[in-house]
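**Student:** Please read through the structure below; I'll follow up with questions.
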Amino acid sequence: MRFLSLPNLLSFLLLFTTSTAQLPLIGDLLSEQPVQRLDHETSFLGQWEIVSEDSCVSAMHLAVTHENKAIMFDSTASGPSHAILTASNCRPDPTGKTAMLDCWAHATEFDLETYKVRPLKVLTDPWCSSGGFAKDGTLVNTGGWKDGFYSARYISTCATCDWRDYARTLKAPRWYATQQILDDGSIVVIGGRRSFNYEFIPAEKSANPKLFELPFLRETTDAFENNLYPFVHLSTDGNLFIFANNRSILLQPRTGRILREFPILPGGSRNYPASAMSVLLPINLHSQRTDPAKRATPFPAQVLICGGAPRDSFYLVESKDIFIPALKSCGRITITDPHANWMMERMPVARTMGDMLILPNGDILIINGATKGCAGWDFARDPVFSPLLYKPAVTRSRRWTELAPSKIARMYHASSAVLPDASVLVAGSNTNPAYNFSALFPTELRVEKFRPPYLDLDLAAQRPVILADTLRKEIDYAEGFDVEFGLMDADAVVREDVKLTMYAPPFTTHGFSMNQRLLVLRMEEFEPLDDGTRIRVRVTAPPAGVIAPPGWYMLFVVSKGLPSDAVWVHIQAKILNNY
């Protein structure tokens, strides 16, 4: 099976400086580029394993910390979960009207090595909230339902850490909002139901005094509110790409100025409840720039959006019990190109409510979801059991691969996350009120691991192994650092076979992985060592926060398409501006 390496693909696309409106479809464009090298061949289509029969709470929201724990939580209104808080740590009635206590946990910490669960206490309701990691690795969660509308919650990484919950932090209610970290480590939260604005999250224990109005969000709402959980990506020029319903803009977040409006993405609605998927495609840092800090020529950044539903899908289910097919179409756009247009293609299978993850080798995994209906309790039919792998392949017929199916339906409120061992954690689905296990699609508490094709056991010996003890974990912007790794037949591996990637772990909920980001680092030196089983490379750290916001990243070595296990590295912002 032949694949075009990501660095070569992006370098090739850079040659086209004219408007993407003049470009052919992606497949026709790529078919002209010859193959540069071969990745390891495999017919393996992936493997599923149930690693836990009971996560104790439904993983409506999911994030993986740099301590190799998964934080899972749903809603304080979900009813009795399978995890109990200690008697001295129960949750009081948030209305203050009764003396009753809620001793059921609605959040857990899931250990990725032992698969054991530690109950966590959350005070205000985080149902349909937003989140992401702060620069120090603290998970910051905002908004939710009712008593959680204005909340900010924080949980640090330690053996006994629990949520710190502040009910009056935000200026506007944030239900179905999106959160994004910026280049200096500040965090912005955008939109939410009937909140046509955005704001910066203040320091912990503070209340935010200021809102930025964003009429674009009001303009993109409709009778079915198909602009919730807007897709937000930090562009390599420091601005925010914001997509809502079928429209998108480039926003200067600190001034509120809209710099550009992109063409409409045709086909239907893409945001909740239509619930498409979106990623910022891997950013290639191989190109030389004379002064990266000036941002005069930003690294090219592309966004991919796939799936969703026709605009009236929610209405047809709610009023007429009609479940129409979801969308197959995908759009891809270069958001750093002022003349950009959407390049269209089609998935093999229609999908709503799926998750879209960037794998360590730069491939895109589409997982979970349904082929009919849209998001909402019992608003979808025909679950999709088989993931799709999207590769920027040479020919259209090789770009999409249908992978091995799960046996578990993962639909509304399912979630997934890339793990440090390069597998994918899959959890949650249909967080029914009162944890209904007899519904058509019952609440799902089983946790699975999916192993993508590059984890073929027949290729296990060919995977690189980072020598973690030799790696510096704290790195600064634009500095060079060495990575040493072991590799069978290292003498037969050349520089072009290897790339190093850094992955920012996202916060995933409702089909969107907020703050997800993969960088392909620039390699300066490639040195096979004398024993023939080790290689040392020198790479350059990302040049600035617009490329890699400060925080913890998984660092992978990829050899001929096969990723190593990750080592966590930390980029720390030296200066934090105040807004």
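The values are calculated or read from the model by the stated rules, or taken from the named source; none is laboratory data. Everything numeric here is computed off the predicted structure, so don't read it as measured data. Counting neighbours? That spans all protein chains shown, and the Cβs are built from the backbone with ideal geometry, glycine included. Accessible surface areas use protein heavy atoms only, side chains included; no ligands, DNA or RNA. Shrake-Rupley method; radii C 1.70, N 1.55, O 1.52, S 1.80 Å.
**Student:** Hey, could you check the stretch 27-67 for residues that are farther than 26 Å from Pro405 by Cα and modelled with pLDDT of 95 or more and say which is farthest from the chain's Cα centre (by Cα)?
**Tutor:** Per the criteria, the residue is Glu67.
**Student:** Let me ask you something else. Conditions first: (1) more than 17 Å from Met411 (Cβ to Cβ); (2) of a type in the set (A, V, I, L, M, F, W, C); (3) touching a residue at least 24 places away in the same chain (Cβ under 8 Å). Val349 passes all but one, so which condition is the exception?
**Tutor:** Evaluating Val349 over (1) more than 17 Å from Met411 (Cβ to Cβ); (2) of a type in the set (A, V, I, L, M, F, W, C); (3) touching a residue at least 24 places away in the same chain (Cβ under 8 Å) leaves (1) as the failure.
**Student:** Continuing with this model, one more query. Report the residue count in the stretch 518-565 for those that are on the phi < 0 side of the Ramachandran plot, open to solvent by 10 Å² or more (accessible area, probe 1.4 Å) and touching a His at 6+ places or on another chain (Cβ under 9 Å).
**Tutor:** 3
**Student:** I'd like the full set of residues that are β-branched (Val, Ile, Thr), at pLDDT 95 or above and either farther than 24 Å from Leu240 by Cα or open to solvent by 10 Å² or more (accessible area, probe 1.4 Å) (or both), limited to the stretch 153-200.
**Tutor:** Within the stretch 153-200, Ile155, Ile181, Ile187 meet the criteria.
**Student:** While we're here: Mind checking whether some residue in the stretch 202-213 is open to solvent by 20 Å² or more (accessible area, probe 1.4 Å), part of a strand (DSSP E or B), without any contact (Cβ under 8 Å) to a residue 24 or more places away in the chain and farther than 21 Å from Lys146 by Cα?
**Tutor:** No, because not a single residue in the stretch 202-213 is open to solvent by 20 Å² or more (accessible area, probe 1.4 Å), part of a strand (DSSP E or B), without any contact (Cβ under 8 Å) to a residue 24 or more places away in the chain and farther than 21 Å from Lys146 by Cα.
**Student:** Assess whether Val232 counts as being touching a residue at least 60 places away in the same chain (Cβ under 8 Å) and open to solvent by less than 30 Å² (accessible area, probe 1.4 Å). Step through it out loud before you land on a result.
**Tutor:** Values: touching a residue at least 60 places away in the same chain (Cβ under 8 Å): yes; open to solvent by less than 30 Å² (accessible area, probe 1.4 Å): yes.
Yes; evaluated as a whole, the condition is true for this residue.
**Student:** Same structure, new question: Got at least one residue in the stretch 482-497 being within 25 Å of the chain's Cα centre (by Cα), open to solvent by 50 Å² or more (accessible area, probe 1.4 Å) and not basic (Lys, Arg)? Working first, answer last.
**Tutor:** Of the residues in the stretch 482-497, the ones within 25 Å of the chain's Cα centre (by Cα) are none.
Looking through the stretch 482-497, none of the residues is within 25 Å of the chain's Cα centre (by Cα), open to solvent by 50 Å² or more (accessible area, probe 1.4 Å) and not basic (Lys, Arg).
**Student:** Let me ask another. Please list, ordered by first then second residue, the pairs with beta carbon atoms under 7 Å, 6 or more apart or interchain, first in the stretch 530-548 and closer than 29 Å to Leu280 by Cα and part of a loop (DSSP other than H, G, I, E, B), second open to solvent by 70 Å² or more (accessible area, probe 1.4 Å) and of a type in the set (A, V, I, L, M, F, W, C).
**Tutor:** Matching pairs, first to second residue: Pro543/Ala293; Ala544/Ala293.
**Student:** Shifting gears a bit: Listed residues Asp363, Asp382; which is in contact (Cβ under 8 Å) with a residue 60 or more places away in the chain and either in contact with a Gly (Cβ under 7 Å, 6 or more places away or on another chain) or open to solvent by 10 Å² or more (accessible area, probe 1.4 Å) (or both)?
**Tutor:** Among Asp363, Asp382, only Asp363 is in contact (Cβ under 8 Å) with a residue 60 or more places away in the chain and either in contact with a Gly (Cβ under 7 Å, 6 or more places away or on another chain) or open to solvent by 10 Å² or more (accessible area, probe 1.4 Å) (or both).
**Student:** Follow-up question, since we're still on this one. Does the stretch 427-435 include one or more residues that are open to solvent by less than 50 Å² (accessible area, probe 1.4 Å) and among the aliphatic types (A, V, I, L, M)?
**Tutor:** yes
**Student:** Among the residues of the stretch 235-254, write down those that are open to solvent by 10 Å² or more (accessible area, probe 1.4 Å) and of a type in the set (S, T, N, Q).
**Tutor:** Asn239, Asn245, Asn246, Gln252
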